[in-house]
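To keep things clear, I will list the structure first and then write my remarks on it.
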Amino acid sequence: MSQSISLSLKQVIVTPLLGLFALFVSAVDATEESQSLDKRQAAMIPIAALTASGDVQTLNEALKAGLENGLTVNEIKEIFIHSYAYAGFPRALNGIMTFMDVASKRKAQGMTDEVGREATPLPDDYNADSYGHQVRNALVGRDMSNRKTGYAGFVPTIETFLVEHLFADIFYRDVLTVKDRELLTISMLSAMPGVEAQLTSHMKLSLRVGYSPAQLLEFTRILKDSVSQDSAIRASHVLSSVANIDVNNETTKHVTVSTDSTVTQGSPTNFSGVAKVSSRFTSPIKGHYRGALVAFEAGARTAWHTHPKGQTLIIISGKGLVQNEGGDIQQMLPGNVITIPPNTRHWHGAAPDSFMSHIAISTPDNGETVTWMELVSQEQSH
């Protein structure tokens with residue numbers, strides 16, 4: 001980090017308004033302490049990214065791992081508070097509900113997780129407009145106050161919300177550091193297609209607040225291993241453009257053999273009976289296929305659902321059933337390949353007298369591969 005940047009950030013720290021908030025403390029050191037992310041930082045990445053992508057099944061496991069790797073309950077709650085500003089209320093609330101379930105089950109099992117510190121209360125003389133401008137100006141390294149052009153000129157109210165709520169009300173909350181928040185932000189943006197411009201800006205800010213190129217390269221590996229390959233590729237492309245490093249060998253230049261040992265059980269809102277998802281995989285090419293191995297116990301089945309770009313099922317073992325709305329129930333046996341057209345309402349699962357497993361492959365549309373509907377009744381499945 002350059003001396004000029006270090007000095008400007010130190011000047012912000014000593015202003016009376018920012019005294020309670022240890023802004024950029026880790027960013028102003030003259031030397032990098034480590035070329036690796038610590039366990040706590042590494043645990044934040046999948047929680048933030050999976051919250052943004054809406055993959056609550058995988059998020060469930062990431063939350064457990066976070067608690068076991070040094071994150072406190074309040075730090076994880078703060079991740080969701082931060083996420084709503086970048087990924088929206090619905091994703092943040094779904095993440096919170098998932099965490100409530102994880103916390104409840106851990107408590108029932110007699111596990112005690114560290115609650116952690118609360119945010120410092122706002123002082124009586126707190127001024128959100130002044131504080132927010134100082135935080136944003138320090139982050140970007142230039143004065144962005146009183147903007148009258150671009151989106152700020154076109155919709156001034158959104159500029160007010162950005163300054164007074166995100167950079168003031170949220171960033172003032174010192175449960176997480178500014179450095180933590182930048183890591184969360186690039187994690188979320190990497191998991192969201194179509195926001196590469198914002199990801200580029202925040203990748204630059206991540207370097208500015210003290211992350212090294214080596215740490216950000218490790219960040220892309222964690223995305224690949226714990227979130228999805230498409231998020232890792234998106235982050236890698238942006239990182240290569242802003243940090244002048246070659247990340248190609250980390251993504252698509254060689255054959256990879258990967259193992260996803262995470263096994264999650266299908267949500268009861270989307271499956272009847274027991275269905276377990278494992279061995280998730282994603283195309284190394286942005287926007288191409290995603291898939292997983294799904295194992296159904298006898299009689300288990302999906303709810304009615306559609307796929308925006310269709311789906312392919314390859315039956316691996318057992319005996320299954322599939323039906324599109326208005327059509328006949330058809331039997332599926334090992335070796336069968338089932339092609340489901342785009343936006344076709346259907347269900348599939350194991351026969352009543354047999355387990356069944358299949359590989360399911362879908363192509364995302366704007367990041368989404370499925371729309372879930374109501375459960376299939378007993379009458380409909382026979």
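The values are calculated or read from the model by the stated rules, or taken from the named source; none is laboratory data. If you're wondering where the values come from, they're calculated on a predicted model, not measured in any experiment. Note that each Cβ is placed from the backbone with ideal geometry, even for glycine, and that neighbours are counted across all protein chains shown. When the accessible area is computed, the model is the full protein with side chains, heavy atoms only, and any ligands, DNA or RNA have been set aside. Shrake-Rupley method; radii C 1.70, N 1.55, O 1.52, S 1.80 Å.
Please state which one of Leu184, Leu139, Leu122 is within 22 Å of the chain's Cα centre (by Cα) and hydrophobic (A, V, I, L, M, F, W, C).
Only one candidate passes the filter, namely Leu184.
Could you tell me which residue of region 113-147 is modelled with the highest pLDDT, considering only residues that are of a type in the set (S, T, N, Q), under 25 Å from Gln198 (Cβ atoms) and part of a loop (DSSP other than H, G, I, E, B)?
Ser145
Take region 149-169 and flag every residue that is open to solvent by 50 Å² or more (accessible area, probe 1.4 Å) and in contact (Cβ under 8 Å) with a residue 40 or more places away in the chain.
Once the filter is applied, which keeps residues that are open to solvent by 50 Å² or more (accessible area, probe 1.4 Å) and in contact (Cβ under 8 Å) with a residue 40 or more places away in the chain, region 149-169 yields His165, Asp169.
Test Ile316 against the stated conditions and say whether it is touching a residue at least 40 places away in the same chain (Cβ under 8 Å), in a strand (DSSP E or B), open to solvent by 70 Å² or more (accessible area, probe 1.4 Å) and not charged (D, E, K, R).
For Ile316, the condition - touching a residue at least 40 places away in the same chain (Cβ under 8 Å), in a strand (DSSP E or B), open to solvent by 70 Å² or more (accessible area, probe 1.4 Å) and not charged (D, E, K, R) - is met.
Please find, within region 81-98, the residue that is farthest from Glu164 (Cα to Cα) out of those that are touching a Phe, Trp or Tyr at 6+ places or on another chain (Cβ under 7 Å) and of a type in the set (A, V, I, L, M, F, W, C).
Of region 81-98, the ones touching a Phe, Trp or Tyr at 6+ places or on another chain (Cβ under 7 Å) are 92, 95-96.
Now restrict to residues that are of a type in the set (A, V, I, L, M, F, W, C): 92, 96.
On the way: Ala92: 20, Ile96: 24 Å.
Top of the filtered list is Ile96.
Is it true that Pro308 is closer than 28 Å to Leu59 by Cβ, in a loop (DSSP other than H, G, I, E, B) and open to solvent by less than 50 Å² (accessible area, probe 1.4 Å)? If you could, list the steps in order and put the result at the bottom.
Numbers: closer than 28 Å to Leu59 by Cβ: yes; in a loop (DSSP other than H, G, I, E, B): yes; open to solvent by less than 50 Å² (accessible area, probe 1.4 Å): yes.
So Pro308 passes the test.
Restricting attention to region 212-242, report how many residues are under 12 Å from the mean Cα position of the chain (by Cα), aliphatic (A, V, I, L, M) and in a helix (DSSP H, G or I).
Summing the residues that are under 12 Å from the mean Cα position of the chain (by Cα), aliphatic (A, V, I, L, M) and in a helix (DSSP H, G or I) in region 212-242 gives 3.
Output the number of the condition that His202 fails; it satisfies all remaining conditions of (1) at negative phi; (2) open to solvent by 20 Å² or more (accessible area, probe 1.4 Å); (3) modelled with pLDDT under 95.
(3)
Condition first: over 24 Å from Phe171 (Cβ atoms), open to solvent by 60 Å² or more (accessible area, probe 1.4 Å) and at pLDDT 95 or above. Can you find one or more residues in region 82-96 that meet it?
Taking every residue of region 82-96 in turn, none turns out to be over 24 Å from Phe171 (Cβ atoms), open to solvent by 60 Å² or more (accessible area, probe 1.4 Å) and at pLDDT 95 or above.
Among (1) under 23 Å from Asp230 (Cβ atoms); (2) open to solvent by 50 Å² or more (accessible area, probe 1.4 Å), which single condition is Val277 missing?
Of (1) under 23 Å from Asp230 (Cβ atoms); (2) open to solvent by 50 Å² or more (accessible area, probe 1.4 Å), only one is false for Val277: (2).
Identify, by number, the condition in (1) open to solvent by less than 60 Å² (accessible area, probe 1.4 Å); (2) touching a residue at least 40 places away in the same chain (Cβ under 8 Å) that Arg117 doesn't meet.
Among (1) open to solvent by less than 60 Å² (accessible area, probe 1.4 Å); (2) touching a residue at least 40 places away in the same chain (Cβ under 8 Å), Arg117 violates only (1).
So which residues in region 59-81 are assigned to a helix (DSSP H, G or I), within 19 Å of Ile222 (Cα to Cα) and either free of Cβ contacts under 8 Å to residues at least 60 places away in the same chain or open to solvent by 20 Å² or more (accessible area, probe 1.4 Å) (or both)?
Matches in region 59-81: Leu59, Asn60, Glu61, Leu63, Lys64, Ala65, Gly66, Leu67, Glu68, Ile76.
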